[in-house]
Amino acid sequence: MSDLSVELFGVRFKNPVWVASGTFGYGMEALELYDISRLGAVVTKGISLKPREGNAPERIAETPCGMLNSIGLQNPGVEGFLKKIYPEIRKVDTHFIVNVFGETEEEYVEVCLALEEADKVVAYELNVSCPNVKKGGMLFGHDPVVLGRLVERIKGKVKKPVLVKLSPNAGDVVSFARVCVDAGADGIVLINTLLGMKIDVKSQKPELSTMMGGLSGPAILPVAVRMVWEVFSHFGFSIPIVGVGGIYDTDSALQHVLAGAVCVQVGTANFFDPYAPLKILEGIEEYMKERAMDSFSELVGRAHRLVPRP
Ligand SMILES: Cc1cc2nc3c(=O)[nH]c(=O)nc-3n(C[C@H](O)[C@H](O)[C@H](O)COP(=O)(O)O)c2cc1C
């Protein structure tokens with residue numbers, strides 16, 4: 001049997017196939033379909049300090065090879081999560097990573113602190129594609145100074161590892177990754193959705209109530225793989241990279257891994273094929289078996305070793 005386990009920031013994951021925030025609820029919804037303890041980890045929907053209703057409809061639109069969403073981070077708040085959802089999660093034999101967001105630095109810190117004693121939660125994933133109300137709505141992840149301060153502040157207060165999920169809309173991804181590394185982040189997650197828009201030509205109006213939304217799905221795979229490649233080129237194995245964006249089958253997952261991702265998250269594919277994460281897991285095992293590889297870690301960043309260095 002190939003060894004698919006991965007150790008990151010002192011936590012051992014049974015395999016590198018996780019599910020992405022916002023595309024798998026809190027994990028419990030999938031229990032009727034399959035045993036989710038087969039997954040390497042479940043990243044929850046984004047959690048904020050107070051409950052949020054989310055945006056008005058329409059919040060989803062189909063696009064070529066993908067979808068746009070403007071859900072607006074609907075969630076029950078951290079207390080609601082701990083009271084209603086966490087007791088169920090505790091019974092599942094896999095790790096949970098809570099995706100955290102806030103409108104101020106304090107809110108991020110408070111959400112993380114509220115989760116410190118929840119032992120099933122092994123790490124926090126910061127969604128920094130959120131408006132900072134104290135900075136006039138500028139997204140946390142779009143300003144390097146604001147991002148660095150946020151990560152440093154959280155790292156100074158919490159015990160659990162902190163992953164930062166970067167936006168592909170902010171500009172040079174390597175410099176934003178550098179800010180996170182310098183601020184003490186334990187991992188970089190690449191990428192969140194790309195800003196997009198769809199217009200309905202019958203009504204001649206934008207389809208989403210918010211006009212613009214986040215593009216996800218196979219359409220964004222090449223962008224995500226490029227960003228994983230760029231960040232790995234600069235940082236190598238010095239910080240773990242988790243790849244997310246456009247993964248829907250074994251090939252697309254392996255592209256992330258060969259570019260430098262040590263784990264992958266399956267997102268939008270869960271909507272059109274709920275079994276995609278399991279198929280990918282089996283596909284990676286098969287791929288390794290065909291090549292007589294014992295350890296998954298041999299694949300991480302391998303494409304870099306096979307191209308001439310400038
Ligand atoms: C409906 C929906 C909701 C999402 N909610 C969140 C969220 O709460 N927090 C977050 O960081 N990312 C969220 N995402 C982004 C995904 O986790 C992922 O980064 C993105 O969709 C790219 O991966 P994919 O192409 O495999 O879907 C959401 C995506 C979708 C489609």
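The values are calculated or read from the model by the stated rules, or taken from the named source; none is laboratory data. None of these values were measured; they are calculated from a predicted model. So basically every Cβ, Gly included, is an ideal-geometry build from the backbone, and we count neighbours across all protein chains shown.
(1) within 14 Å of the ligand (Cβ to nearest atom); (2) modelled with pLDDT under 95; (3) in a loop (DSSP other than H, G, I, E, B): which one isn't true of Ser21, the others all being true?
Going through the list (1) within 14 Å of the ligand (Cβ to nearest atom); (2) modelled with pLDDT under 95; (3) in a loop (DSSP other than H, G, I, E, B), Ser21 breaks only (2).
Checking Glu103 against (1) under 17 Å from Leu166 (Cα atoms); (2) of a type outside the set (Val, Ile, Thr); (3) touching a Phe, Trp or Tyr at 6+ places or on another chain (Cβ under 9 Å), only one condition comes out false. Which one?
Single failed check for Glu103: (3).
Yes or no: the stretch 247-254 includes at least one residue that is within 17 Å of Gly40 (Cβ to Cβ) and surrounded by 24 or more Cβ atoms within 10 Å (Cβ to Cβ).
Within the stretch 247-254, one or more residues are within 17 Å of Gly40 (Cβ to Cβ) and surrounded by 24 or more Cβ atoms within 10 Å (Cβ to Cβ).
Give the stretch 255-301 a look and list any residue that's of a type in the set (A, V, I, L, M, F, W, C) and surrounded by fewer than 18 Cβ atoms within 10 Å (Cβ to Cβ), or say none.
Phe271, Phe272, Ala292, Met293
If Ser5 satisfies every condition in (1) away from the ligand (no atom under 12 Å from the Cβ); (2) among the hydroxyl-bearing types (Ser, Thr, Tyr); (3) crowded, with 21+ Cβ neighbours inside 10 Å but one, which is the exception?
Result: Ser5 fails condition (3) only.
Table: residues versus (1) surrounded by 14 or more Cβ atoms within 10 Å (Cβ to Cβ); (2) of a type in the set (A, V, I, L, M, F, W, C); (3) in contact with a Gly (Cβ under 7 Å, 6 or more places away or on another chain).
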{"position": "Leu68", "(1), (2), (3)": "yes, yes, yes"}
{"position": "Asn75", "(1), (2), (3)": "yes, no, yes"}
{"position": "Asn99", "(1), (2), (3)": "yes, no, yes"}
{"position": "Glu106", "(1), (2), (3)": "no, no, no"}
{"position": "Val111", "(1), (2), (3)": "yes, yes, yes"}
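Looking only at residues in the stretch 123-143 that are part of a loop (DSSP other than H, G, I, E, B) and in contact (Cβ under 8 Å) with a residue 12 or more places away in the chain, which one is surrounded by the fewest Cβ atoms within 10 Å (Cβ to Cβ)?
For the stretch 123-143, the residue satisfying everything is Cys130.
Do you know which residues across the stretch 261-274 are closer than 14 Å to Tyr34 by Cα and either within 9 Å of the ligand (Cβ to nearest atom) or touching a Leu at 6+ places or on another chain (Cβ under 7 Å) (or both)?
Asn270, Pro274
Kindly establish whether Tyr26 is within 30 Å of Lys134 (Cα to Cα), within 16 Å of the ligand (Cβ to nearest atom), of a type in the set (Phe, Trp, Tyr) and out of contact with any strand residue (DSSP E or B) (no Cβ under 7 Å at 6 or more places or on another chain).
For Tyr26, the condition - within 30 Å of Lys134 (Cα to Cα), within 16 Å of the ligand (Cβ to nearest atom), of a type in the set (Phe, Trp, Tyr) and out of contact with any strand residue (DSSP E or B) (no Cβ under 7 Å at 6 or more places or on another chain) - is met.
Looking at (1) more than 15 Å from the ligand (Cβ to nearest atom); (2) of a type in the set (A, V, I, L, M); (3) under 20 Å from Leu195 (Cα atoms), which one does Ile239 not meet, given that it meets all the others?
The single condition Ile239 does not satisfy is (3).
In the stretch 29-41, which residue that is over 17 Å from Asp273 (Cβ atoms) and touching a strand residue (DSSP E or B) at 6+ places or on another chain (Cβ under 7 Å) is nearest to the ligand (Cβ to nearest atom)?
Going through the qualifying residues, I end up with Ala41.
Quick one: in the stretch 41-66, which of the residues that are crowded, with 20+ Cβ neighbours inside 10 Å and among the polar types (S, T, N, Q) is nearest to Cys112 (Cα to Cα)?
Looking at the filtered set, the residue picked out is Ser48.
For Leu254, indicate whether it is within 14 Å of the ligand (Cβ to nearest atom) and either of a type in the set (A, V, I, L, M, F, W, C) or touching a Phe, Trp or Tyr at 6+ places or on another chain (Cβ under 6 Å) (or both).
Considered against the rule, which asks whether it is within 14 Å of the ligand (Cβ to nearest atom) and either of a type in the set (A, V, I, L, M, F, W, C) or touching a Phe, Trp or Tyr at 6+ places or on another chain (Cβ under 6 Å) (or both), Leu254 comes out as no.
Out of the residues in the stretch 237-262 meeting the condition of being assigned to a strand (DSSP E or B) and β-branched (Val, Ile, Thr), tell me which one is nearest to Asn15 (Cα to Cα).
Residue satisfying both the conditions and the ranking: Val242.
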